[in-house]
Amino acid sequence: MVIKCAFKECRPYLNELETRFGLAHWADQSSGFSLHYDDTGLSLYKTDEPKLGAISVDFVTGAAAHRRKFGGGKGQAIAKAVGLNKGATPIVLDATAGLGRDGFVLASLGCKVILHERHPVVAALLYDGLQRAYNDIEIGPWMQQNMSLIFGSSHTLLAQCESMPDVVYLDPMFPHREKSALVKKEMRVFQDLVGADTDADDLLEFAYPLASKRVVVKRPDYAPFLNDKTPSMQIKTKKNRFDVYVKAAMKK
Ligand SMILES: C[S@@+](CC[C@H](N)C(=O)[O-])C[C@H]1O[C@@H](n2cnc3c(N)ncnc32)[C@H](O)[C@@H]1O
């Protein structure tokens, strides 16, 4: 997959992206999708359904910035799930980073967040969003401190981790029940690109010994527990729940 762009001066950066994430090798699997770069950054389109709109990662403006400023801070369910309400700012390994939205919420609340993403196109979108955030005058300083990306599969990366994060955060793609209008257009593009993460059960087993405090698994409200393991506690929101496996309390 070659990134399309009208500006010649951006080519070195785009060549770097293509090489770093092996986008050239992704050509077969990604037919039906195209990547474009312009002054708003890198965007993914579904070529046969252009009305669905584009996916890009923007931490500086838009929904992510709005949630950072007005989203409820440490009172949010995700913050409680990772243990932020107890006054701690844990080191969080987000082993299924996706577009980095949950990671960004945690980083903006003071957590140091290490992101793992294995899908080349998703990783490229996330990397590009991070570069723009690192260069932003307002959020750049703490973003550089608090958010970093490692491209690869957590199935391998968790086994290679040298230091223990306080929390491992998992949010694998779960098959959606229906393709309704309720599923946001952008989410449909993402689902079609990534599919379901059918190998996610193993991640809990890799994550549990690594986390020093807890593993947090985000699930749709209708999904079974990951790997059928009952969590120590659950925090529920309107459509999702966070299954929390507290280290001392989890029965093996
Ligand atoms: C539902 S999305 C995560 C969304 C994310 N929490 C957010 O807020 O943007 C799941 C992502 O996890 C990635 N993923 C699944 N299994 C993975 C693994 N073993 N290693 C790295 N990434 C993985 C998928 O490629 C997908 O991008």
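What number of residues within segment 53-62 satisfy the criterion of being open to solvent by 20 Å² or more (accessible area, probe 1.4 Å) and in contact with a Lys or Arg (Cβ under 8 Å, 6 or more places away or on another chain)? So that I can check it myself, show each step before the final result.
We begin by selecting, within segment 53-62, every residue open to solvent by 20 Å² or more (accessible area, probe 1.4 Å); these are 53-54, 56, 58, 60-62.
Right, trim to in contact with a Lys or Arg (Cβ under 8 Å, 6 or more places away or on another chain) and you get 53, 58, 60.
Total meeting the criteria: 3.
Quick one: which residue in Thr96, Thr89 is open to solvent by 20 Å² or more (accessible area, probe 1.4 Å) and modelled with pLDDT of 95 or more? Write out each step before concluding.
Values: Thr89 fails: modelled with pLDDT of 95 or more.
Result of the check over Thr96, Thr89: Thr96.
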Go through (1) free of Cβ contacts under 8 Å to residues at least 24 places away in the same chain; (2) away from the ligand (no atom under 14 Å from the Cβ) one by one and return the number of the condition Gln160 breaks. (2)
Restricting the first residue to segment 96-111 and requiring it to be within 16 Å of Gln144 (Cα to Cα), which pairs with a second residue that is among the basic types (Lys, Arg) and within 12 Å of the ligand (Cβ to nearest atom) meet a Cβ separation below 8 Å and a spacing of at least six or different chains? Val105/Arg67
Going through segment 15-44 one residue at a time, which ones are loosely packed, with under 12 Cβ neighbours inside 10 Å, modelled with pLDDT of 90 or more and in a helix (DSSP H, G or I)? Glu16, Thr19
When you go through Arg214, Arg219, Arg241 one by one, which is the residue that is touching a Gly at 6+ places or on another chain (Cβ under 7 Å) and at pLDDT 95 or above? Arg214
Residues in segment 164-179 that are more than 8 Å from the ligand (Cβ to nearest atom) and either closer than 20 Å to Arg118 by Cα or at pLDDT 95 or above (or both): how many? 6
Considering only residues that are of a type in the set (Ser, Thr, Tyr) and touching a Lys or Arg at 6+ places or on another chain (Cβ under 9 Å), look in segment 125-155 and name the one that is surrounded by the most Cβ atoms within 10 Å (Cβ to Cβ). Ser154
Flagged in segment 216-240 as within 14 Å of the ligand (Cβ to nearest atom) and either part of a strand (DSSP E or B) or open to solvent by less than 20 Å² (accessible area, probe 1.4 Å) (or both), in numbering order, are Val216, Val217, Lys218, Arg219, Pro220, Ala223, Leu226, Asn240
Selection from segment 106-119 of residues near the ligand (Cβ under 9 Å from one of its atoms) and open to solvent by 10 Å² or more (accessible area, probe 1.4 Å) yields Glu117, Arg118, His119
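The values are calculated or read from the model by the stated rules, or taken from the named source; none is laboratory data. If you're wondering where the values come from, they're calculated on a predicted model, not measured in any experiment. Note: ideal-geometry Cβ built from the backbone for every residue, glycine included; neighbour counts use all protein chains shown. Side chains included, ligands, DNA and RNA excluded: accessible areas come from the protein's heavy atoms. Shrake-Rupley method; radii C 1.70, N 1.55, O 1.52, S 1.80 Å.
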